Amino acid sequence: MTLYDTIIIGGGPAGLSAALVLGRCMRRILVCDSGRYRNERSQALHCYMGHDGIHPRELLKRARRQLEPYATVSMKCLPVCDIGQEEDEFLVRIEAGEAARARTLLIATGVVDELPEIEGIGDLFGRSIHVCPYCDGWEHRNAAIAVYGRADKGTNLALLLRQWTNDLVLCTHGVALSKDHRGILGRRGVAVEETPIERLEGVDGCLRSIHFVGGRKLPRRALFFNTDQHPRSPLLERLGCRFDESGGVACDESGETSVRGVFVAGDVSRDVQLAIIAAAEGARAALAINKRLLKVDGHLLYGQELTLGLAVYGWLCRQAPIRLGHSPLARRTACLLGTPAAFAAACAIVAVWAVTGPLFGYSDTWQLVINTATTIVTFLMVFLVQNTQNRDARALHLKLGELLRSVKEARNKLIDLENCTDEELDQVERQFRALKRREARQESEAGGNSRVGEHPIKV
Ligand SMILES: Cc1cc2nc3c(=O)[nH]c(=O)nc-3n(C[C@H](O)[C@H](O)[C@H](O)COP(=O)(O)OP(=O)(O)OC[C@H]3O[C@@H](n4cnc5c(N)ncnc54)[C@H](O)[C@@H]3O)c2cc1C
């Protein structure tokens, strides 16, 4: 059975865009597609830069054709019917009895819109009944439009659509709207119709009128709705991926789900649902998949972890409570460690160690506890005591510097002595030895009457 780097399930904008990126990375890819893409009923795709107005089928055809030069990309026009995980690999069962294995998976199977149960809606969906004002609002600008929806969802969609026309009616299909909602809609010039809809009448996919229960009819050119939707495929659930409260699959910003190695892109991730965004998500997931494969193969530094570690370290260093609290703690610890009581406590610990050893038969656990405890305590003490020593040494040097600077005959050159190299310190030491010898000579010549402090030292 062939092992692919990635199997992409779903050949819509998201899946094909990912296939292109991964094909260009020379990854071994299999794309499986059942051919039931979301906007299959639509005649023209909009908001896709460079392809505005293209037939959705034509866009997919072009995308598939552009994958042909990439020899590592294979395509199967069949649905995936089952999926499973075996250790680090995924097993994908394709209809017609075929199967394939993959190191990573990209699920780009899209969603299905749940059409309201209204007679006549099926024939008009995608032509004059729409879900997205951004995709199809412009084609119906300034026309007589209806919105189907209840409560918040319906009101919000109507307020949005008002941007494209001022001849707008919100149909709540038998649900009474709150006074607040009615007020907001009234101020924007949106009419409300609460009578249940009986059927829709249209010709060649074009809506003509909405028939209400009771016989009234409302002439309209288009209707928009935003009812629920569900994933086209149950594969993510079968893999055990986590879902969030809104019903969308939980994933990080690269599209990786709670199951390591399983990525999602496009409408199935329930982000903004536009074809161009689905394509962008596909490309983004492809980059993450390629990076993951490089990491697994050991061809990539664990850059993210390193960056995270440095960021945490930087953050800790900037925290005032840590900076301000550390020095007093270090000073107190250093003082405490030098007291007779601390020495007595240390002796007591050694005594406990000596007594408990035979009691526990010098067991592995006893050794583990003793060794770990002493190592941790010593490790932490080193940092605290070193901090105090560093500060003491610095303070001492500064005080000496101040003394040297205030003694007229002293050389300012000696102020920064702690920063000299070993060679420079050797040289100064030699000069002081020569001085000492000269002074001893002078003392013996003068009969031993002079004292060192009475003669300025000059080199
Ligand atoms: C009527 C309508 C009009 C729209 N108009 C526009 C528009 O003008 N502009 C715009 O940007 N967006 C538009 N959209 C939204 C757009 O269609 C989606 O955002 C886009 O198709 C999402 O791409 P996708 O790749 O995530 O999913 P899809 O395009 O739905 O592709 C998913 C693919 O996965 C396949 N699949 C599913 N299950 C399986 C399985 N088990 N095995 C194998 N394959 C599987 C399906 O066959 C399908 O080909 C419209 C939507 C609708 C409903």
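Numbers for the structure displayed
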item	result
Which numbered condition residue 72 misses (of (1) assigned by TED's automatic domain parsing to the domain that holds residue 274; (2) near the ligand (Cβ under 10 Å from one of its atoms); (3) of a type in the set (Val, Ile, Thr))	(2)
Filter result for residue 115 (touching a residue at least 24 places away in the same chain (Cβ under 8 Å), assigned to a helix (DSSP H, G or I) and of a type in the set (A, V, I, L, M, F, W, C))	no
Elements of type strands (runs of 3 or more DSSP E) contained in the stretch 197-290, each with 1 or more residues being surrounded by fewer than 23 Cβ atoms within 10 Å (Cβ to Cβ), modelled with pLDDT of 95 or more and out of contact with any His (no Cβ under 7 Å at 6 or more places or on another chain)	197-203, 206-212, 217-219
Residue under evaluation residue 62, criteria (1) more than 13 Å from the ligand (Cβ to nearest atom); (2) under 31 Å from the mean Cα position of the chain (by Cα); (3) of a type outside the set (Gly, Ala, Ser); (4) not in a strand (DSSP E or B), criterion not met	(2)
Identity of the residue in the stretch 1-11, under 20 Å from residue 85 (Cβ atoms) and not in a strand (DSSP E or B), that ends up nearest to the ligand (Cβ to nearest atom)	10
Residues satisfying the stated conditions in the stretch 21-34, i.e. more than 20 Å from residue 91 (Cβ to Cβ), touching a helix residue (DSSP H, G or I) at 6+ places or on another chain (Cβ under 7 Å) and in a loop (DSSP other than H, G, I, E, B)	25
Some residue of the stretch 427-450 being of a type in the set (Gly, Ala, Ser), modelled with pLDDT under 55 and surrounded by 10 or more Cβ atoms within 10 Å (Cβ to Cβ)	yes
Residue satisfying condition, being part of a helix (DSSP H, G or I), within 9 Å of the ligand (Cβ to nearest atom) and assigned by TED's automatic domain parsing to the domain that holds residue 104, within set 18, 14	14
Meets criteria (out of contact with any Ser or Thr (no Cβ under 6 Å at 6 or more places or on another chain) and either within 13 Å of the ligand (Cβ to nearest atom) or at negative phi (or both)) for residue 207	no
Single residue of the stretch 21-55 satisfying the filter (aliphatic (A, V, I, L, M), crowded, with 21+ Cβ neighbours inside 10 Å and away from the ligand (no atom under 13 Å from the Cβ)) that is farthest from residue 278 (Cα to Cα)	29
Residue 37 being aromatic (Phe, Trp, Tyr), under 27 Å from residue 139 (Cβ atoms) and in a loop (DSSP other than H, G, I, E, B)	yes
Hits in the stretch 136-148 (condition: more than 16 Å from the ligand (Cβ to nearest atom) and among the small types (Gly, Ala, Ser))	143, 144, 146
Complete set of residues in the stretch 136-165 that are at pLDDT 95 or above and either in a loop (DSSP other than H, G, I, E, B) or over 38 Å from the mean Cα position of the chain (by Cα) (or both)	137, 140, 141, 142, 143, 144, 145, 146, 162, 163, 164, 165
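Quick grid of which residues meet (1) more than 15 Å from the ligand (Cβ to nearest atom); (2) among the basic types (Lys, Arg):
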| position | (1), (2) |
| --- | --- |
| 232 | no, yes |
| 243 | yes, no |
| 263 | no, no |
| 268 | no, no |
| 275 | no, no |
| 285 | no, no |
| 313 | yes, no |
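Residue-wise test of (1) assigned to a helix (DSSP H, G or I); (2) in contact with a Cys (Cβ under 7 Å, 6 or more places away or on another chain); (3) within 13 Å of the ligand (Cβ to nearest atom); (4) hydrophobic (A, V, I, L, M, F, W, C).
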| residue | (1), (2), (3), (4) |
| --- | --- |
| 57 | yes, no, yes, no |
| 81 | no, no, yes, yes |
| 84 | no, no, no, no |
| 96 | no, no, yes, yes |
| 101 | no, no, no, no |
| 105 | no, no, yes, yes |
| 134 | yes, yes, yes, no |
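Results for (1) surrounded by 12 or more Cβ atoms within 10 Å (Cβ to Cβ); (2) closer than 29 Å to residue 417 by Cα; (3) out of contact with any His (no Cβ under 6 Å at 6 or more places or on another chain); (4) acidic (Asp, Glu), shown as yes or no for each residue.
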| site | (1), (2), (3), (4) |
| --- | --- |
| 309 | no, no, yes, no |
| 339 | no, no, yes, no |
| 347 | no, no, yes, no |
| 351 | no, no, yes, no |
| 354 | no, no, yes, no |
| 367 | yes, no, yes, no |
| 390 | no, yes, yes, no |
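The values are calculated or read from the model by the stated rules, or taken from the named source; none is laboratory data. All of these numbers come straight from a predicted model, not from anything done at the bench. Cβ atoms come from the backbone with ideal geometry, glycine included; neighbour counts cover every protein chain shown.
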